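J.: Before I ask anything, let me first share the structure, which is written out below as structure tokens.
The values are calculated or read from the model by the stated rules, or taken from the named source; none is laboratory data. Note that the structure is predicted; figures quoted are calculated from it, not measured. With ideal geometry, Cβ positions are generated from the backbone for all residues, glycine too; neighbour counts draw on all protein chains shown. Accessible surface is based on the protein model in full, side chains and every heavy atom, while ligands, DNA and RNA are left aside. Shrake-Rupley method; radii C 1.70, N 1.55, O 1.52, S 1.80 Å.
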Amino acid sequence: MNLSREPSRHSEASAYTPADELPSTLAMAFENPSSTSLALSSSVTHIGGSHHQHDLEHNRRHIHHDCPRSKAPSIISEKLEPEEQDRSSTNIDDSETTNDEKGSDIQNIDPAMEGKLLDYPEGGFGWLVVLASFVVNFWSFGPNITFGVYQAHLLKAGTFPGALATDISWVGSIGTAAMFIPGPFVAPMTRFLGLRAVVAIGIILASLGFITASFATQLWHLYMTQGLLFGIGGGLVFFSSISVTAQYFEKRRGLANGIAVAGSGIGGLALAPLTRLLIAQVGIRWCQRIVGFAILGFMAAIFAFIRPRVKTVKRGPIFDLSLFKVPGFSWLLLTAFVVTFGYMVPIFLIPTYSNVWLGQSAATGANLISIYSGINAVSRVGLGVAADKLGRTNTLFTCCFLAGLSCLTLWSVSSNIEILTSFMVVYGLFGGGFISIFPVVVAQVVGVERLSSALGILYFGNVVGNLLGAPIATAIMRSQGGNYIGAIIFAGLSPVLAAFFVLVIRFRISKKLFAIA
């Protein structure tokens, strides 16, 4: 039985869900999309004959009436042929399903987990899971957000003689890009090793990345340690832990996920001044060692709280290439590819810009990153609420466009610290919109049942932009004799261009100008 076919008159209300009922928040990107489908399949028995479709829809309405679920069918992918929807589903091992489940053809399963959740604790141990996810976000993203502090020191101290700003910026770019490399591979690793084993490997790699970076004698050593090793380790922990949070919450999922995702912003807020202080007090090498052991200690402390509630399945696709047949998916890939070229540029260059161009101290540069990170942490929760009220694609378009526009109109004329601070406030408000809203827009386009596979491909597309964005910007700056205007224009145009790709998706969902979509 295929639920993606044209709905009958009796089931029309449940088959189509408007955009304003979709879940919103970053962690929704890794929620188990199959709980509703599997709860249905276990409740619908003795289906057959000519009453097959009618009985299924009757039970579906009954279940949704008694136990409301997060409803997020694809808005654009309704156009897919039924057989294309079937090919995208992940199969569960036959030995783990009942005969009725096999016959029902309802197998929209998360690639790594067999989600047969019929209820959610909505708290209790779940809050410890949220705390764990918060800590993971803090230590996975925080050190990369504050890399501008490291870069400013390495340049000023001449740690690597002859190294240019472009050369050093590769460390932060590699670290940010490497975070997204594990995305499509966490699911198969989880099948073979188990989720907690993948998390443990990630914790060890992330901490070793900073500890071994403290012994670097050449710049390429930092590429491999603080960049690649830390990034891959942090990515393994992040992609593994964020999927667990949604298994404990349904009604409070927005609040829980908002708290978890805010960890990255709080990490940048706390680590920027702490990094500057440690470098000044004990030197950059001991600063890296302290950060490395802190990553190990904090993540090890919350390891016991990363406890999945669903059973791991043993097979499933790594890349679902049939997603490219979904209308709008290619535009999503273009958006993810383009926006990341400019996203991290201000974060990496602002400390150096304030020091070299405005004559401010290193402490001022670190404080600017803290301002950005704090506002960004709060805005991610607020943007999730705005997306629910105003529409996901509307909010994503606004965030990308205004983030880019703030670079072109504020940063480009920042001749004093007051204007530069205003820029960091505005960029903090809208710059994080891509991270928090993009996964929810993906759910609108491909449907929740294919969300994990889609995000694996899309986040892998982030790698190139995160890797090359800051080095390209610093190369442009160098070619202009140290003038930042070219780098600023580059940083601003990337999200503005991506915003118009989002606009294409927006009008595929609804052609009405003021629709909530």
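J.: For segment 202-212, indicate whether the set of residues that are modelled with pLDDT of 90 or more, open to solvent by 50 Å² or more (accessible area, probe 1.4 Å) and among the hydroxyl-bearing types (Ser, Thr, Tyr) is non-empty.
T.: Checked against the condition, which is being modelled with pLDDT of 90 or more, open to solvent by 50 Å² or more (accessible area, probe 1.4 Å) and among the hydroxyl-bearing types (Ser, Thr, Tyr), segment 202-212 yields at least one hit.
J.: Out of all the residues in segment 445-463, is one or more within 23 Å of Trp331 (Cα to Cα) and either among the acidic types (Asp, Glu) or in contact with a strand residue (DSSP E or B) (Cβ under 6 Å, 6 or more places away or on another chain) (or both)? Reasoning before the result, please.
T.: Of all residues in segment 445-463, those within 23 Å of Trp331 (Cα to Cα) come to 445-463.
Now drop any that are not either among the acidic types (Asp, Glu) or in contact with a strand residue (DSSP E or B) (Cβ under 6 Å, 6 or more places away or on another chain) (or both), which leaves 449.
So far as segment 445-463 goes, yes, one or more of its residues are within 23 Å of Trp331 (Cα to Cα) and either among the acidic types (Asp, Glu) or in contact with a strand residue (DSSP E or B) (Cβ under 6 Å, 6 or more places away or on another chain) (or both).
J.: I need every pair where a residue in segment 214-235 that is open to solvent by 60 Å² or more (accessible area, probe 1.4 Å) has its Cβ under 9 Å from the Cβ of a residue that is at pLDDT 90 or above and of a type in the set (Val, Ile, Thr), sequence separation at least 6 or different chains.
T.: Going by the 9 Å Cβ cut-off, the qualifying pairs are Phe215/Thr225; Met224/Thr212.
J.: Of everything in segment 155-184 that's among the aromatic types (Phe, Trp, Tyr) and in contact (Cβ under 8 Å) with a residue 60 or more places away in the chain, which residue is most open to solvent (accessible area, probe 1.4 Å)?
T.: In the first step, residues of segment 155-184 are kept if they are among the aromatic types (Phe, Trp, Tyr); the result is 160, 170, 180.
With in contact (Cβ under 8 Å) with a residue 60 or more places away in the chain added as a condition, the list becomes 170, 180.
Numbers: Trp170: 74, Phe180: 20 Å².
Step by step, filter segment 155-184, then rank; the result is Trp170.
J.: Can you say whether Ala187 is at pLDDT below 95, open to solvent by less than 40 Å² (accessible area, probe 1.4 Å) and outside any helix (DSSP H, G or I), as far as the supplied structure shows?
T.: no
J.: Could I ask something else about it? Say we look at segment 462-513 and pick out the residues that are of a type in the set (D, E, K, R) and surrounded by fewer than 21 Cβ atoms within 10 Å (Cβ to Cβ); which of these is farthest from Phe180 (Cα to Cα)?
T.: Lys512
J.: Just to be sure, is Ala454 hydrophobic (A, V, I, L, M, F, W, C) and part of a helix (DSSP H, G or I)? Can you show your working first?
T.: Details: hydrophobic (A, V, I, L, M, F, W, C): yes; part of a helix (DSSP H, G or I): yes.
Yes.
J.: Mind counting the residues in segment 350-364 that are under 20 Å from Gly469 (Cβ atoms) and at pLDDT 90 or above?
T.: 3
Each row is one residue, and each column tells you yes or no for (1) out of contact with any helix residue (DSSP H, G or I) (no Cβ under 7 Å at 6 or more places or on another chain); (2) assigned to a helix (DSSP H, G or I); (3) within 25 Å of Thr364 (Cβ to Cβ); (4) open to solvent by less than 50 Å² (accessible area, probe 1.4 Å).
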| position | (1), (2), (3), (4) |
| --- | --- |
| Thr398 | yes, yes, no, no |
| Ser415 | yes, no, yes, no |
| Leu420 | no, yes, yes, yes |
| Leu429 | no, yes, yes, no |
| Pro439 | no, yes, no, yes |
| Val445 | no, yes, no, yes |
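J.: Between a first residue in segment 360-378 that is over 16 Å from Leu349 (Cβ atoms) and of a type in the set (S, T, N, Q) and a second residue that is open to solvent by less than 20 Å² (accessible area, probe 1.4 Å) and outside any helix (DSSP H, G or I), which pairs have beta carbons less than 8 Å apart while being 6 or more apart in sequence or on different chains?
T.: Asn376/Gly432
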